Structures are given as structure tokens and as C-alpha cells.
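K.L.:
Got a structure for you, questions after.
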Amino acid sequence: AMATSYFNYDSLNSPAMALLRAYRSGGVTEARKVAAAHPGTLNADSSPVIQRLVSLAGMAARNGDLPGARTAIDLILQHQPASIQALVVSGGIHLLEGHQEAMAASFQKALLAAQNAKDSIGASRLAESAINSLGYGFLNKDQFAMAITVLKYNVLSFPKSANTYDSLGEAYWRS
């Protein structure tokens, strides 16, 4: 029998994993320091470090650490100003802070980034999905008014998508 060790994989030493370890030990501030120490890993919107930072920002926001979430998103947008996922999360943070107009502006930037992407159809699907996921995040925390705000925006932005209407209908039904 061949024994494998969970700790032999190179991915455990990747910058994305270092970011997660830093977050667990010192929060978003420590994770941001790790990410900033590896600026080359922030060059592509699809990089594992960018994806991990988006996830950490979402976790921080769900835990009520809005300044920490904003710190992570600002770092991403500093290097990837057209990051659709970061712009959508930024919009969610704005909404949590009570700034609905700023939310709409962030979402609009995400939609513009999708339109300007090489694969605009795929990027538009990503934007629709990211906004929808944000709405469901609010819905699953019984934050119905915020969920409905986000999901209404998605319906207005993607009026030909049955999924956006279905999600908004579910939000109204659950509220």
C-alpha cells in the first residue's frame, strides 16, 4: 500500500495557502500583508491569491468585520480594478454600510468590466452569478431587505435571465 501524506503537496506552500494561514492567525490585516509581499500573485484576476482574497473579504463581511473586508477588496482593486467578483463584493460591503448608491456604482463597474472583457458572455454570466450569490448570502442570513435590493438590481441588469426573476421571487416569498 502506498502511503500519502497530506503535507507533501506543494499547494500547501502556495501563496494562496499562506494567505489563508495568515488570515486564520491574524485576520484580514495579516492576510493583506502576505498578499502585498507577493505582488506578482495579484497580476491576474483569476489567480488563486485574488480568489482567496475575495473569499476572505466575504468571510470578514459575514463576520461583521467590514473594515477588514474593505481592506482585502481595496487591495484586489488596486491591482485588478476590473475584477468583477471584487467589485460585486465591494457593492455588498457598501450595502452593509448603508450606502445603496455606492452599491449600485460598484455593481455598474462590474457590469462594465464584464462588457469590456475578452469573453464578455462568460464575464456577464460571472457578474450575474456573483450578484445573485451575494443576494442569496443576504437571504440566507434573513437579511431580506438587503437581499431584495441586490436581487432587484440583478433583475434590472439581466432582464432576459429567468434565474434573476426566480431568485427575486424566492426572496419575496421568504420575506
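The values are calculated or read from the model by the stated rules, or taken from the named source; none is laboratory data. If you're wondering where the values come from, they're calculated on a predicted model, not measured in any experiment. Neighbour counts are summed over all protein chains in view; Cβ atoms, including those assigned to glycine, are modelled from backbone coordinates with ideal geometry. Heavy atoms of the whole protein, side chains included, go into the accessibility calculation; ligands, DNA and RNA do not. Shrake-Rupley method; radii C 1.70, N 1.55, O 1.52, S 1.80 Å.
K.L.:
Just the number please: accessible area per residue for the chain, 1.4 Å probe, all protein chains included, in Å².
P.N.:
Per residue, the chain has 55 Å² of solvent-accessible surface.
K.L.:
Carbon-plus-sulfur fraction of the accessible area of the chain, 1.4 Å probe, in percent?
P.N.:
Values: 5240 of 9580 Å².
Of the solvent-accessible surface of the chain, carbon and sulfur hold 55 percent.
K.L.:
To the nearest 10 degrees, how steeply does helix 120-140 sit against the main Cα axis of the chain, on a 0 to 90 scale?
P.N.:
Relative to the chain, helix 120-140 is tipped by roughly 80 degrees.
K.L.:
Turning to a different aspect of this structure: Please compute the modelled spin-label separation between LYS118 and ALA145, points set 7 Å along Cα→Cβ, answer in nm with one decimal.
P.N.:
With each label point 7 Å from Cα toward Cβ, the separation is 4.4 nm.
K.L.:
Rank by packing, highest mean first: peptides 75-88, 51-64, with packing defined as the count of other Cβ atoms within 10 Å averaged across residues.
P.N.:
On the way: 75-88: 21.8, 51-64: 20.2.
Per-residue Cβ counts within 10 Å, averaged per peptide and sorted highest first, yield 75-88, 51-64.
K.L.:
Points 7 angstrom from Cα along the Cβ direction at LEU156 and MET59: gap in nanometres?
P.N.:
The answer from the label model is 3.4 nm.
K.L.:
Could you check the simple spin-label distance between GLN51 and ALA82, using points 7 Å along Cα→Cβ, in nm with one decimal?
P.N.:
For GLN51 paired with ALA82, the spin-label model returns 2.1 nm.
K.L.:
A follow-up question, please. Using only Cα atoms, what is the ratio of the radius of gyration of the chain to 2.2 N^0.38 Å? Show your work: numbers first, answer last.
P.N.:
Working: Rg = 17.2 Å, N = 175, 2.2 N^0.38 = 15.7 Å.
This ratio for the chain stands at 1.10.
K.L.:
Oh, and also: To the nearest Å, what is the center-to-center distance of segment 149-165 and segment 111-144, using C-alpha atoms only?
P.N.:
10 Å
K.L.:
Separate question: Find the relative contact order for the chain and round it to a whole percent, using C-alpha pairs within less than 8 Å whose residues are 6+ positions apart. Intermediate results must be reported in sequence, preceding the final value.
P.N.:
Working: 211 pairs, mean separation 21.0, N = 175.
For the chain, the relative contact order is 12 percent.
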